[in-house]
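Enquirer: Let me begin by handing over the structure; questions about it come next.
Derivation of every value follows stated rules applied to the coordinates shown; laboratory data play no part. From a predicted model like this one, the values you see are computed outputs, not experimental measurements. Positions of Cβ are backbone-derived with ideal geometry, glycine not excepted, and every protein chain shown enters the neighbour counts.
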Amino acid sequence: MSKKIQEFNEYRSKMNEKILATDNKVIKRIFNLDTNAFKEGHLPVKTKELLGLVASAVLRCDDCIQYHLESAMESGVSKEEMMETMSIANLVGGTIVIPHLRKALEYWELLEEEKQ
């Protein structure tokens, strides 16, 4: 596994455990709402992950982008679909999103390498 992917996932898991261990009811509910929002429903998971990717890019959250890229790939998103999604994010978010596009493409390529 790529060091960058492994570090991201280990850090995310470790910190989520610490956060949830604080037993804060509001935070637990937010985490639960996030989990349930991305489950299969009227929209397929693949579509929801692409929507999450656009929102994350527009909000310029690289951690969120990486999370949604991993989930999108697991949901069967192709590189072409991811790039089209990121083109919409750049259209909506403006040129300030371009640095996040660069990082997103780099992370996607790492994920592709892992998949092979």
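Enquirer: From the phi angles alone, apply the Karplus equation (6.51, -1.76, 1.60; θ = phi - 60°) to the range 3-17 and give each ³J(HN,Hα) in whole Hz, x where the residue is Gly or Pro.
Expert: 4, 5, 5, 4, 4, 4, 5, 5, 4, 4, 5, 4, 6, 4, 4
Enquirer: Now for a separate question. Have a look at LEU110, VAL58, VAL26 and report the one farthest towards the positive end of the charge dipole of the chain, computed about the Cα centre with Cβ charges (Lys/Arg +1, Asp/Glu -1).
Expert: Final value for the positive-end residue is VAL26.
Enquirer: Expressed as an acute angle from 0 to 90° and rounded to the nearest 10, what is the orientation of the C-alpha long axis of helix 25-37 relative to the principal long axis of the chain?
Expert: 40 degrees
Enquirer: For helix 45-58, report the angle its Cα long axis makes with the longest principal axis of the Cα atoms of the chain; keep it between 0 and 90° and round to the nearest 10°.
Expert: 80 degrees
Enquirer: Give me the net charge for the shell around ILE98: Cβ to Cβ below 15 angstrom, other residues only, Lys and Arg +1, Asp and Glu -1. Don't jump to the answer; show the numbers that get you there.
Expert: Numbers: positive: ARG60, ARG102, LYS103; negative: ASP62, GLU106.
Charge balance near ILE98 sits at +1.
Enquirer: Taking square-rooted eigenvalues a ≥ b ≥ c of the alpha carbon gyration tensor, is the chain rounded, prolate or oblate, where a/c under 1.5 means rounded and, failing that, a/b exceeding b/c means prolate? Before the final figure, lay out the partial values.
Expert: Working: a/c = 1.56, a/b = 1.33, b/c = 1.17.
Prolate is the answer for the chain, as a/c is 1.5 or above and a/b outweighs b/c.
Enquirer: Please list, or write none, the lysines whose alpha carbon is within less than 20 Å of the alpha carbon of LYS18, excluding same-chain residues fewer than 8 places away.
Expert: Correct list for LYS18: LYS28.
Enquirer: Quick check on the range 1-46: take the gyration tensor over C-alpha atoms, sort the square-rooted eigenvalues as a ≥ b ≥ c, and tell me if it's rounded (a/c under 1.5), prolate or oblate.
Expert: Details: a/c = 5.07, a/b = 1.12, b/c = 4.53.
Cα axes put the range 1-46 in the oblate bin.
Enquirer: Between their Cα atoms, which of LYS79/LYS115; LYS79/LYS103; LYS3/LYS103 are more than 19 Å away from each other?
Expert: Values: LYS79/LYS115 13 Å; LYS79/LYS103 14 Å; LYS3/LYS103 15 Å.
As for pairs spanning more than 19 Å Cα to Cα, there are none.
Enquirer: Also, I was wondering about something else. Quick one: angle between helix 98-115 and the longest Cα principal axis of the chain, in degrees between 0 and 90, rounded to 10, please.
Expert: 80 degrees
Enquirer: How would you order 69-82, 89-102, 12-25 from highest to lowest mean count of nearby Cβ atoms within 10 Å? Walk me through the intermediate numbers first.
Expert: Values: 69-82: 17.0, 89-102: 14.6, 12-25: 9.9.
Most protected by this proxy first, the peptides run 69-82, 89-102, 12-25.
Enquirer: Something else now. Could you give the distance between the Cα centres of the range 1-32 and the range 48-90, to the whole Å?
Expert: 19 Å
Enquirer: A further question on this structure: Among THR35, THR47, which comes first, second and so on when ranked by fewest other beta-carbon atoms within 10 Å? Numbers along the way, then the final one.
Expert: Details: THR35 9, THR47 14.
Final ranking by Cβ density, sparse to dense: THR35, THR47.
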